[in-house]
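The values are calculated or read from the model by the stated rules, or taken from the named source; none is laboratory data. As the structure is a computational prediction, the values presented were derived from the model and not from experiment. Note that we place each Cβ from the backbone using ideal geometry, even for glycine, and neighbour counts take in every protein chain shown.
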Amino acid sequence: MMRIPSLSPPRAGIFFACDNAATVVATMARVAPGIHAIILAAGQAQRFGRVKLLEEFDGEPLIRHALDIAQSVFHDNSWLVTGHSAKDIEDAARSLAGHVLFNPEYAQGIGSSIACGATACSSRADGIVIMLADQPLINRSHLGNLVRRWSGAADAIIATEFAGVLGPPVLFGRDHFAELCALRGDTGAKQILETHMDAVDSVRFDPAAVDIDTPEDLARLVSPD
């Protein structure tokens with residue numbers, strides 16, 4: 001997961017008080033219709049030992065959960081990037097993703113998948129949100145709060161703050177698209193945040209700390225007791 005230390009508290013902003021899909025969608029249409037979301041689902045999940053995004057959470061596969069949340073906010077501006085076990089992932093996500101991309105270089109790491117998605121949507125986007133498909137507690141309200149925090153400035157970055165760090169989901173303004181498209185390897189977008197810390201604002205969302213890397217992670221989430 002892309003994380004850097006949280007260096008300062010977020011500035012005051014407007015937040016949604018509840019997970020209300022209609023409110024978030026209406027706000028998206030009013031504030032930033034040009035925002036696209038890239039949902040990363042290309043990893044090999046070596047620590048999990050099998051295709052983790054096909055595992056169920058809250059009655060549906062993790063991948064469908066992530067796409068349902070993304071598409072409820074970003075609609076057809078949602079881009080699913082697949083790689084390892086692409087057919088299985090795409091079958092599970094059928095009818096949900098606005099666009100599906102296959103990253104043939106997925107084994108090189110998350111950077112190549114971000115670049116794949118950013119290259120595909122950058123010409124039509126004003127902002128790009130990078131999402132991980134294995135953060136099951138991300139919800140509509142938080143995505144809406146990221147959008148509301150964004151001023152629309154091309155050089156702005158709005159990250160999620162949790163557990164004392166900054167990480168995904170992250171919204172990048174247009175000035176950073178070229179850097180997203182140029183990413184390679186397994187460093188993700190962390191280096192972009194570190195380079196442009198003066199442009200970074202954040203929205204705190206503690207549940208973003210939960211990501212699924214191992215079967216034990218999922219078991220703790222499904223059966224916390």
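Of all the numbered requirements in (1) at pLDDT 95 or above; (2) touching a strand residue (DSSP E or B) at 6+ places or on another chain (Cβ under 8 Å), Leu183 misses one, and that requirement is (2).
Of everything in the stretch 46-81 that's more than 15 Å from Ile138 (Cβ to Cβ) and of a type in the set (Phe, Trp, Tyr), which residue is modelled with the lowest pLDDT? Taking the candidates together, the pick is Phe48.
Within the stretch 87-115, being surrounded by fewer than 19 Cβ atoms within 10 Å (Cβ to Cβ), in contact (Cβ under 8 Å) with a residue 12 or more places away in the chain and part of a helix (DSSP H, G or I) holds for Asp88, Ala107, Gln108.
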